[in-house]
Amino acid sequence: MDADFIHDLFGAFGRVDVKRMFSGQGIYADSVIFAIVSGDVIYFKTNETTRPAFEREHATPLTFTKKNGQRMVTSYWRLPERLYDDPDELAQWARKALGVARAKAAAKSANKPSRAKPDKKKARKKSRL
């Protein structure tokens, strides 16, 4: 899928960045990935709250097969076809997907152990005592 097409499609949503990844592309807003393009199909990030809307549209999740043959189902769900022709509603769905992606990133960041380096001066003072 052409980056110019994606930028036009998301015009009502706002600025997006498109970056190549694996065999597709990632769609980012404010450095947060909220959509994936695979095989010329757009998939939005979902959670338990937003997924029912995709199910009502008979959308399906993005799946792939690992090298070991294991089938993986992602939290990205196919954008309903009708939204390609309705930029205003697509923007609403995109905002929800971005919200899901931001919440996931925040939760991941909160659960990550701090990587702050210890203060060497304090460590030296303690070892001298």
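Taking the alpha-carbon set of the stretch 3-128, what are its Rg and Dmax in Å?
19.3, 70
For the chain, calculate the relative contact order in percent as a whole number, restricting contacts to Cα pairs under 8 Å that are 6 or more residues apart.
22
For the stretch 63-116, what number results from the quotient of the Cα radius of gyration and 2.2 N^0.38 Å?
On the way: Rg = 16.1 Å, N = 54, 2.2 N^0.38 = 10.0 Å.
With N residues counted in the stretch 63-116, Rg over 2.2 N^0.38 Å equals 1.61.
Taking R0 as 22 Å, what's the FRET efficiency between D8 and T63 from their Cβ-Cβ distance, rounded to 0.05?
Efficiency, rounded to the nearest 0.05: 0.20.
Express in nm, to one decimal, how much length is gained between T74 and R51 on full extension, taking 0.36 nm for each residue of separation and deducting their alpha carbon distance.
Additional length available on full extension: 7.1 nm.
So if I place +1 on the C-beta of Lys and Arg and -1 on the C-beta of Asp and Glu, and nothing else carries charge, what would the dipole magnitude of the stretch 3-128 be about its Cα centre? I want it in debye, nearest 20.
Rounded to the nearest 20 debye, it is 2160 debye.
Quick check for the chain: number of Lys pairs with alpha-carbon distance under 23 Å, counting only pairs 8 or more apart or on different chains?
Lysine pair count for the chain: 17.
HN-Hα J couplings of the stretch 24-29 from phi, Karplus 6.51/-1.76/1.60, θ = phi - 60°, integer Hz, Gly and Pro as x?
Those phi angles translate into x, 9, x, 10, 10, 9 Hz.
Values in this text are rule-based calculations from the coordinates and carry no lab data. In this text, all values refer to a predicted model and were calculated from it rather than measured experimentally. All Cβ positions, even for glycine, are placed from backbone atoms using ideal geometry, and neighbour counts span all protein chains on display.
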